[in-house]
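Working notes, beginning with the structure itself.
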Amino acid sequence: MSKRRDKGLKLLAEGKVLQVKEGEFVVKSEKGDKEYRVVWNRDRWTCECPDFKKGVKCKHIYASMYYLAVRDVKNAATTLKEERTCKNCGRDDEVIKKGIRYNKSGPVQMYYCKRCGKKFSARTGFGGMKKRAEAIVAALDLYFRGLSLRQVAQHLKASYNVEVCHKTVHNWIKRYVKLVNEFVKSVNLDSSARWHVDDSVIKVKGDHIRIWTLLDSETRFILAIHISKSRGAEEALKLLKKGLEVSKKPEEIVSDGLKSYEKAISQKFSGVIHIQSSLREGLNNRAERFFKELKRRVKVMDGFKTRKGAETFVEGYRIYYNFIKKHSSLNDRTPAQSAALSEDCSWLELILRASKR
Ligand SMILES: [Zn+2]
Ligand SMILES: [Zn+2]
C-alpha cells in the first residue's frame, strides 16, 4: 500500500494530474505514455487502470486524492487576505500596498489604508507575499505527507511557478515548524486516563538515535516526545516526566514491557498501573502505529545528516500527527479535534494562529 501512496505523491509532484471537472481527473502514467481517468463518485474512487481492477487503491487514485488535499490548502491560503485588513477600521476596500520593510525575520509587506490615512504591516508571519505563502503551506503539507525536499521543489515550480531550491524548502520547513511548535506547545490535555509509551530508533549519519513517544489512549494525541542515545530507565523517566508537564498523572501506562519503563514507573509513578503489551498482543498498537508511520516517512529521506535535523523533523511530524493528519480510527478527525483542543487542521491555520501571538 505504502508504495502506491508514494508513487501517487510522485505523480502529483511531477505535474501528471489534471482535474477535468469536479470529481474527475486524468492521471498520466509514470512513463507518460498512458492516461487513466479517475473518478470520485458517491464516496467511492474508481480508476481505469489494471491495478485498480485487481481491487486495490491504485497510485492514480492516491495522486488524485493528494491533488485535492493541495487544492484545499490553496483555497485556505486565500484567507491570507485578512492580512490586508486595516487594523483601524477593519475594512480592506481602500487598502493599498505600501512597500516592503525588512526586519529580522525577513521582508514584511506594508499596507496603507486611504480611509484612515494609516500605515500598517502584514500580520502574518509570511512577509505578506501571498504566492509564497501558498507555496510554503503546500511545501509543509506535502513534505510531512511524504514527498522529498526535491519533489516538493519540483511541485512548487509546476503548480505555483515558484522557483526555489530544495535547501530553501528545507529552510521554510525548519522555520515554520519552529513557529508552529511555539504555538502548539501551549495546547495540551489536562488529563489522560491511560498513557501509551513506546520507543524506536532512526538513523542519523550512520549512527542511531532513540525516539520515545507518549500518547493519550483515547485521542491518540501525542503528549511528549523524547530523544536520547541510550535505552535506560533514566531516559524512560525523562519521557514520563515530560508527560507530567502537560497532563496529570494517568491511572494506567501501557508499554511493551521494556524493563526501563517498569523501573521508571515503580520509581516515580507509584499507584499507576503498568500494563505490559507483551502479555497481550496488540495492546500497545496506538503507540506502535505512530512509529510505523513515522518510519515509513523517514524511509523516503534516506536517514538524517545531523541530530538537529532529525529533531526538527520529529517535531514537525508530531505537529502533523496531532493537528493535520485525519485518523480513520478517530472517524477522520485529528487527535487535536478529538480532544477538543483545536479545530485547526491545516498548516495555514496553525501558522496564522501562531503568528498572531
Ligand atoms: Zn489507477
Ligand atoms: Zn482603515
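None of the figures in this text is laboratory data; all of them are computed from the coordinates on show. The model shown is predicted, which means the values in this text are computed figures rather than measured ones. Here the Cβ positions follow ideal geometry from the backbone for every residue, glycine too, while neighbour counts run over all protein chains shown.
Residues whose amide H comes within less than 5 Å of that of Gly257, counting only those at least five positions distant or on another chain, are Ser277, Ser278 (H built at 1.01 Å from N in the peptide plane).
Fully extended, how many nm does the chain gain between Glu218 and Lys7 (0.36 nm per residue separation, minus their Cα-Cα distance)?
Stretched out fully, the Glu218 to Lys7 stretch lengthens by 72.7 nm.
Go ahead and run the numbers for FRET between Lys98 and Asn285, Cβ-Cβ distance against an R0 of 51 Å, rounding to 0.05. Using R0 = 51 Å, I get an efficiency of 0.40. Which entries in Lys7/Lys53; Lys203/Lys238; Lys31/Lys178; Lys28/Lys54; Lys248/Lys292; Lys157/Lys325 show an alpha-carbon gap greater than 29 Å? Table pairs above 29 Å Cα-Cα are Lys31/Lys178. For the pair region 5-58 and region 145-183, the centres of their Cα atoms are 25 angstrom apart.
Label sites at Glu252 and Glu311, each approximated as a point 7 angstrom past Cα along Cα to Cβ, lie 3.5 nm apart.
Here the Kirkwood formula, the inverse mean of 1/r across different C-alpha pairs, assigns region 1-65 a hydrodynamic radius of 11.5 Å. Rounded, prolate or oblate for region 194-341? Axes are the square roots of the Cα gyration tensor eigenvalues, ordered a ≥ b ≥ c, and the cut-off for rounded is a/c under 1.5. Oblate, because a/c is 1.5 or more while a/b does not exceed b/c. One compactness figure for the chain is 1.10, namely its Cα radius of gyration divided by 2.2 N^0.38 Å.
The modelled label-to-label distance between Glu343 and Thr46, using points 7 Å beyond Cα along the C-beta direction, is 3.6 nm.
Taking a sphere under 15 Å around the Cβ of Lys57 and counting the other residues whose Cβ falls inside, with K and R at +1 and D and E at -1, yields a net charge of +4.
Simple spin-label estimate for Lys167 and Lys268 gives 4.1 nm between the two label positions (7 Å along the Cα-to-Cβ direction from each Cα). Under a 10 Å cutoff between Cα atoms, tell me which one of Glu22, Glu311, Glu163 has the largest fluctuation in the Gaussian network model of the chain. Fluctuation is largest for Glu22. GNM on the chain, alpha-carbon springs under 10 angstrom: the most fluctuating residue among Lys59, Lys326, Lys259 is Lys259. Look at the dipole of region 169-294 built from charges on Cβ: of Val169, Val272, Ala224, the Cα furthest out on the positive end belongs to Val169. Comparing Arg297, Arg175, Arg145 in a Gaussian network model of the chain where C-alpha atoms under 10 Å apart are linked, the largest mean-square fluctuation is found at Arg175. Counted by Cβ distance under 10 Å from Leu189, the other residues give a net charge of -2, where Lys and Arg count +1 and Asp and Glu count -1.
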